[in-house]
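These notes concern the structure reproduced below.
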Protein chains: 2
Amino acid sequence: MIAELTVEATDGAARTGRLRLARGEVRTPAFMPVATRGTVRSVATHEVAALSTPSGTRFEVLLANTYHLMLRPGAEVVERLGGLGPFAGWPGPTLTDSGGYQVFSLSPRVSDQGAEFASTYDGTRILLTPELAVAEQERIGADVQMVLDVCPALPAPIDELRRAVDTTEAWARRALAVRTRTEDQSIFGIVQGGVDPELRREAAERTVALGFDGYALGGLSVGESRSEMLPAIDAAVAALPTDRPRYLMGVGDPVSLVEAVARGVDLFDCVLPTRLARHGTLLTDRGRLNIGRAEFTADTAPIQDGCGCPTCSRYERGYLRHLVAVDEQSAATLCTLHNLWWVLRLVERVRESIVAGTLGELRREVAAGWEAGPPA
Amino acid sequence: MIAELTVEATDGAARTGRLRLARGEVRTPAFMPVATRGTVRSVATHEVAALSTPSGTRFEVLLANTYHLMLRPGAEVVERLGGLGPFAGWPGPTLTDSGGYQVFSLSPRVSDQGAEFASTYDGTRILLTPELAVAEQERIGADVQMVLDVCPALPAPIDELRRAVDTTEAWARRALAVRTRTEDQSIFGIVQGGVDPELRREAAERTVALGFDGYALGGLSVGESRSEMLPAIDAAVAALPTDRPRYLMGVGDPVSLVEAVARGVDLFDCVLPTRLARHGTLLTDRGRLNIGRAEFTADTAPIQDGCGCPTCSRYERGYLRHLVAVDEQSAATLCTLHNLWWVLRLVERVRESIVAGTLGELRREVAAGWEAGPPA
């Protein structure tokens, strides 16, 4: 069976272990770097693959976006080039988002049939149906495909949230019905329900009833506060099977990541580390650091003392500040490598603390370092 | 003595050997990647430093631009951050252009006193004098500084070319008079004279009479054809001492590089490989390849078969074409790494062929591969 999860240690609801996918094993909890169009922005794939902590922890799953790849270069091109991993030069497992996120971000016309977009590239009308999302993802060929879902922005009226749950369930059923690539590709269902715990619980039960290889929580980090988000996660996770992976989509700020792990989440993705990096905002143990500020002009320290990332071992703050100030592309590259490495090390510490039974301490430490709230 | 050149082999006028600079030894002929503002565009310094042929040939000198660094972040900031090499994270020798190229590219008001610019960053008026160019370069602290010179665009009337030679000589004299950092910094004079062989010869003699650690040929590749440029190189080199390094500024297209080596040139710099890369134009043994063309959409070959660069060993043409088509930053990075590596390998072959006495064959091969003329 693919997408088999082996839990090796727990600390309360938190768990760490290994997820077996078609093209390799993934240690969990795991953060998946976002390569929307087949590349993590500002860095080459091999630079992401080479990021490693001193103990050898690396990123093991790369995430890409179906909506973008089906438009450019086209799913059939990715297929002819060997599928997502070989196409992008990524040696391990991959996952594709279904395009459901674009239902949120691009506000298409959503009907029972599907979501109708104007292409962000040339304005062409595209009707993305659950069936088309499956077909395109089977051609793109990631280890994990996601069902097409409806993701409302929050806050939203309860009847809109309920409609999103109903449509997502109907689409999930249709996705399972047309799916053919089962030998080397898993499919994950997506639980919607906004921040209404009761609706989240119900949506989780209805998704589980359909039977998926894994379960994602969608529609979070879309406008709500963390104190609204966490109870929704609790409610959904309580209704999910313990032997299947749980994936919290689009959430990756340090505090939310650690808090979601404490609630039993295994997988994460988020553009935050890479997007912040492109604006010169760096992740550190003490919160965000805006390297473009004048105070860093002649600063000979690395971004963070003791950091093992490729940037901190070679470059000083003053140089990075200069690259940001004159808008050199290498500024984004070096800041992105640092932020990804910092998240990688955080995830490694999360795993270590679950094994040691000290996740509570790590939660307090991360909360204290990031008390100003999630970076925006 | 610094900037000592040891010639180890010759083939006609061509020579290969070692140039000892304050921070390390440089094998010649050498190509110096251009890091205008302290970074090679589209790549991080450590990626350039890591480029290596199978036999271990690497780039050994990084070039940066005084005009840009004196404005951003300021020469005093570079100095406080340890000088150019440590600032940029470059482990070996460095060289700074004086700002003379900006006398050509930004058309300042040139008087006997100096060149008066409006800053490209904020419009501030700057009077760059030969003395200021020395002072700023001594603070920036490269292994080699260049005198401020006057570089006319070609074609130019003979009296303008002669005025540029006169002013360049006067400025060179003033540069030598105020120079103080002699223990770990060499200074190179610059020979002007357009494409008039007689004026080039005279300019070379007058520059040599002043006594520099090395001699550069400036004011070439600024509008003239290669058949006009090469006789000017011949005339200048004939008047230069054989025991001092010769540097052809701003020229780096493959045919001109090989032809200039055959005439006795040791050092090169050029933005061509990196600038072309940013537009998806790749250097190959058979000339230029525009990776953005539709014919490469599903091409599974590397840019060039057998190429040992970081890009060709990992990525296929179809993927690179996609990155260029959707304008991802990593396209520029991967194309830049290929083009720099290709030039590095060309320079390595140049050295090998001089040792073997087969430079003539290499000249014919490069000319045949690039018969369409220099890439523009």
Worksheet item: Residues in region B:91-114: is at least one within 14 Å of chain A (Cβ to nearest Cβ) and either modelled with pLDDT under 95 or touching a His at 6+ places or on another chain (Cβ under 8 Å) (or both)?
Response: no
Discussion item. Whether any residue in region B:182-197 is surrounded by fewer than 16 Cβ atoms within 10 Å (Cβ to Cβ) and within 25 Å of B:Asp112 (Cβ to Cβ) is what I want to check.
Written reply: no
Worksheet item: Within the set of pairs 6+ apart or on separate chains, which have a first residue in region B:67-80 that is on the phi < 0 side of the Ramachandran plot, a second that is modelled with pLDDT under 95 and part of a helix (DSSP H, G or I), and C-beta atoms under 7 Å apart?
Response: B:Tyr67/B:Gln102
Discussion item. Out of B:Leu346, B:Leu359, I need the residue that is at pLDDT 95 or above and over 19 Å from the mean Cα position of the chain (by Cα). Which one?
Written reply: B:Leu359
Worksheet item: Taking B:Phe268 and the conditions (1) in a loop (DSSP other than H, G, I, E, B); (2) more than 30 Å from A:Gly83 (Cα to Cα), which numbered condition does it fall short on, given that it satisfies the others?
Response: (1)
Response to the item:
Reported set for region A:120-148 where residues are small (Gly, Ala, Ser) and under 20 Å from the mean Cα position of the chain (by Cα) is A:Ala133, A:Gly141, A:Ala142
Practice prompt. Check B:Ala75 against each of (1) over 20 Å from the mean Cα position of the chain (by Cα); (2) within 19 Å of B:Ile190 (Cα to Cα); (3) of a type in the set (Gly, Ala, Ser) and name the one condition it does not meet.
Written response: (2)
Item to complete: Identify, by number, the condition in (1) on the phi > 0 side of the Ramachandran plot; (2) surrounded by fewer than 20 Cβ atoms within 10 Å (Cβ to Cβ) that B:Gly89 doesn't meet.
Response: (2)
Discussion item. Any residue at all in region A:286-297 that's buried (at least 20 other Cβ atoms within 10 Å of the Cβ), within 19 Å of A:Ser52 (Cα to Cα), outside the structural domain of A:Val195 (by TED's automatic domain parsing) and not small (Gly, Ala, Ser)?
Written reply: no
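Results for (1) out of contact with any Gly (no Cβ under 7 Å at 6 or more places or on another chain); (2) on the phi > 0 side of the Ramachandran plot; (3) not charged (D, E, K, R), shown as yes or no for each residue.
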position: A:Arg174; (1), (2), (3): yes, no, no
position: A:Glu183; (1), (2), (3): yes, no, no
position: A:Gln192; (1), (2), (3): no, no, yes
position: A:Arg200; (1), (2), (3): no, no, no
position: A:Ala204; (1), (2), (3): yes, no, yes
position: A:Phe212; (1), (2), (3): no, no, yes
position: A:Met249; (1), (2), (3): no, no, yes
position: A:Asp253; (1), (2), (3): yes, no, no
Worksheet, complete the sentence: Filtering region B:20-33 down to residues that are surrounded by fewer than 24 Cβ atoms within 10 Å (Cβ to Cβ) and either of a type in the set (Val, Ile, Thr) or touching a Lys or Arg at 6+ places or on another chain (Cβ under 8 Å) (or both) yields B:Glu25, B:Arg27
Worksheet, complete the sentence: Inside region A:95-148, the number of residues satisfying the requirement of being more than 30 Å from A:Leu21 (Cα to Cα) and among the aromatic types (Phe, Trp, Tyr) is 2
Worksheet item: Among B:Gly56, B:Gly82, B:Gly17, which is the only one that is within 14 Å of chain A (Cβ to nearest Cβ) and either at pLDDT 95 or above or surrounded by fewer than 23 Cβ atoms within 10 Å (Cβ to Cβ) (or both)?
Response: B:Gly82
Item to complete: From (1) crowded, with 22+ Cβ neighbours inside 10 Å; (2) assigned to a loop (DSSP other than H, G, I, E, B); (3) facing chain A (nearest Cβ under 10 Å), pick out the condition that doesn't hold for B:Leu69.
Response: (2)
Discussion item. Regarding region A:265-280, can at least one residue be identified that is within 19 Å of the chain's Cα centre (by Cα), in the same structural domain as A:Val40 (by TED's automatic domain parsing) and closer than 17 Å to A:Val195 by Cα?
Written reply: yes
Practice prompt. Name every residue in region A:314-325 that is part of a helix (DSSP H, G or I) and within 7 Å of chain B (Cβ to nearest Cβ), in order of residue number.
Written response: A:Gly318, A:Tyr319, A:His322, A:Leu323, A:Ala325
Response to the item:
Across (1) assigned to a helix (DSSP H, G or I); (2) more than 23 Å from the chain's Cα centre (by Cα); (3) away from chain B (no Cβ under 14 Å), A:Cys307 clears everything bar (1)
Worksheet, complete the sentence: Across (1) more than 19 Å from B:Asp327 (Cα to Cα); (2) among the hydrophobic types (A, V, I, L, M, F, W, C); (3) in contact with a Ser or Thr (Cβ under 7 Å, 6 or more places away or on another chain), B:Val271 clears everything bar (3)
Worksheet, complete the sentence: Of the candidates B:Glu348, B:Glu328, B:Glu365, the one satisfying the condition of being more than 14 Å from chain A (Cβ to nearest Cβ) and over 25 Å from B:Leu19 (Cβ atoms) is B:Glu365
Worksheet item: Given the conditions (1) within 19 Å of the chain's Cα centre (by Cα); (2) among the aliphatic types (A, V, I, L, M); (3) within 18 Å of B:Arg349 (Cβ to Cβ), which single one is not true for B:Ala9?
Response: (1)
Item to complete: Return a yes/no flag: does region A:34-50 have any residue that is touching an Asp or Glu at 6+ places or on another chain (Cβ under 7 Å), under 29 Å from A:Ala239 (Cβ atoms) and assigned to a strand (DSSP E or B).
Response: yes
Fill in: Among the candidates B:Ala236, B:Ala260, residue that is closer than 20 Å to B:Arg363 by Cα, buried (at least 21 other Cβ atoms within 10 Å of the Cβ) and more than 14 Å from every other protein chain (Cβ to nearest Cβ)
B:Ala260
Worksheet, complete the sentence: When (1) over 24 Å from B:Val144 (Cα atoms); (2) in a helix (DSSP H, G or I) are applied to B:Val258, the one that fails is (1)
Discussion item. Based on this model, can you work out whether A:Leu283 counts as crowded, with 20+ Cβ neighbours inside 10 Å, at pLDDT 95 or above and in contact with a strand residue (DSSP E or B) (Cβ under 9 Å, 6 or more places away or on another chain)?
Written reply: yes
Item to complete: Run down B:Thr297, B:Thr284 and say which single residue is at the interface with another protein chain (Cβ under 10 Å from one of its Cβ atoms) and over 17 Å from the mean Cα position of the chain (by Cα).
Response: B:Thr297
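The values are calculated or read from the model by the stated rules, or taken from the named source; none is laboratory data. Since the structure is predicted, the reported quantities are computational estimates derived from the model, not experimental observations. Don't worry about glycine lacking a Cβ; one is built from the backbone with ideal geometry, like all the others, and counts go over all protein chains shown.
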